[in-house]
Amino acid sequence: MNRHVWLAALLLPFALAGTARAAMPAHPSIHITTMDGKPYDLATERGHWVIVNFWATWCVPCIAEMPTLSRYVATHKNVHAIGLAYEDSEPADVKAFLAKHPVVYPVAQVTLDKPLKDFDEPRGLPTTYLIAPDGTVATHFLGPIDAAKLDAAIGKAKK
């Protein structure tokens, strides 16, 4: 084997070590303050399905999805949600946006420099996690979701 190829093969695992992301924990946590100043703890939602939805005020598909998620939560008593505004805007701007686009679930802001430790950084928006009643991640969606996708994911996870 060529000496340079051998050296590259030897060093590759070390070069990649810094780029690998740790796997999400089996029971991810969220401890955050919502836009209305209230504490939110994902662990208190045990026993319910929880939609964890990353979105942004500038994301057109996110804005279109918000009324759907709000209706879903309002019509499914065993489903709760937390909206996570994933952006570096001023909190006042996010609050003003929510005044024009209200939802029935709590919303918190997650800034790019302080991501949630137990959730992967979104690779696109919207990004949604469905958390099962036992606190585990049932599924993960990239892109807009609707009631049919949520119903299917919950039905599949119950089996």
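Read the figures in this text as sums done on the coordinates, not as results from a lab. This one's a predicted model, so the numbers in the text were calculated from it and none came from an experiment. Ideal geometry is used to build each Cβ from the backbone, glycine not excepted, and the neighbour counts take in all protein chains shown.
Of note, VAL60 does not satisfy the criterion of being of a type outside the set (D, E, K, R) and within 18 Å of HIS48 (Cβ to Cβ). From the list ALA153, ALA96, the lone residue that is surrounded by fewer than 18 Cβ atoms within 10 Å (Cβ to Cβ), part of a helix (DSSP H, G or I) and small (Gly, Ala, Ser) is ALA96.
Check whether at least one residue in the stretch 110-125 is touching a strand residue (DSSP E or B) at 6+ places or on another chain (Cβ under 8 Å), assigned to a helix (DSSP H, G or I), under 22 Å from HIS27 (Cα atoms) and among the aliphatic types (A, V, I, L, M), and report yes or no. No, every residue in the stretch 110-125 fails to be touching a strand residue (DSSP E or B) at 6+ places or on another chain (Cβ under 8 Å), assigned to a helix (DSSP H, G or I), under 22 Å from HIS27 (Cα atoms) and among the aliphatic types (A, V, I, L, M).
Scanning the stretch 52-75 for residues being part of a helix (DSSP H, G or I) and under 20 Å from THR111 (Cα atoms) gives a total of 5.
If only residues of the stretch 40-70 that are under 18 Å from LYS149 (Cβ atoms) and among the polar types (S, T, N, Q) are counted, the one that is surrounded by the most Cβ atoms within 10 Å (Cβ to Cβ) is ASN53.
Reported count of residues in the stretch 76-93, each being in a loop (DSSP other than H, G, I, E, B) and in contact with a His (Cβ under 9 Å, 6 or more places away or on another chain), is 2.
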